[in-house]
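A short write-up of the structure that comes next.
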Amino acid sequence: MAFPRLKSGSVKKKRARAAGAVAALAVGASMMAAPQASAADSPSTKELLSACGTWSSFCEFHPQSFREYVGPRHQVGTTVPNCGSRDNEFQVGGQDTTGSSDSFGVAITASAGFAKVFEVGLETSYGRTWERSHTDLELFTEHIPPMHMGWLERATPKRQATGWYEIHFNKRFYGHYYWYVYNYTESGWDTAHPAGGYAAPQERAMTQSEIHQFCHR
């Protein structure tokens, strides 16, 4: 349970506001309502983030941690079979796009108000910029034996930031002036280490079903 900070003003106004809406919900990984409230009395995380940086009177992202890491390995481009009787060189790979994702599954676009607020918070706290979407062209020439298949495997350089949003409204929103989105985490492309990560061609022998699928058309 979180308690909102009151705006500066007269004691009379403060007391009136405190009597009407003292407790604001803490919306985050542990979404809890006030004892007297139901789920319908609380805004969704999507509603709060949609208001942030657009029609809310104030919104700020408070970063708490920042890290750089290598993402999971994944295939880039299609699998290339060598159906010939001799070893041959083939080009494997293709375009690989890394976008941003967040812990609440909210669709993120570069024009979203809460996304811009997130970027300002990161630049202020850590001096880091954020790239919402990045595309690389990864191509390798691979030596593939006969009846084998090759592909490109890559692990992308990424970065992750965690923190919380503070959102104010001029009028009561679901009964309160102040709301908070806790435990917000976003991951994206690591602009500081574009050559980081991992990329390497892979190959293995085809199974009989794969030989039938790729080579007996």
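Screening Gly188, Gly196, Gly163 for residues that are outside any strand (DSSP E or B) and either under 30 Å from Glu60 (Cα atoms) or at pLDDT below 95 (or both) leaves exactly one candidate, Gly196.
Inside the stretch 39-51, residues that are within 17 Å of the chain's Cα centre (by Cα) and open to solvent by 50 Å² or more (accessible area, probe 1.4 Å) make up a count of 2. The single condition among (1) farther than 16 Å from Gly99 by Cβ; (2) open to solvent by less than 30 Å² (accessible area, probe 1.4 Å) that His143 does not satisfy is (2).
Each row is one residue, and each column tells you yes or no for (1) basic (Lys, Arg); (2) closer than 25 Å to Phe214 by Cβ; (3) open to solvent by less than 30 Å² (accessible area, probe 1.4 Å).
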residue	(1), (2), (3)
Pro81	no, yes, no
Gly99	no, no, no
Ala112	no, no, yes
Phe118	no, no, yes
Glu123	no, no, no
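The residue of the stretch 52-70 that is least open to solvent (accessible area, probe 1.4 Å), among those that are at pLDDT 95 or above and small (Gly, Ala, Ser), is Ser56. Put simply, of Phe58, Phe118, Phe114 the only residue that is at negative phi, aromatic (Phe, Trp, Tyr) and in contact with a Ser or Thr (Cβ under 8 Å, 6 or more places away or on another chain) is Phe114.
The values are calculated or read from the model by the stated rules, or taken from the named source; none is laboratory data. Small disclaimer: the values here were computed from a predicted structure and weren't measured. FYI the Cβ positions are ideal-geometry reconstructions off the backbone, even for glycines, and counts take in every protein chain you see. All accessible areas refer to the heavy atoms of the entire protein, side chains included, with ligands and DNA or RNA removed. Shrake-Rupley method; radii C 1.70, N 1.55, O 1.52, S 1.80 Å.
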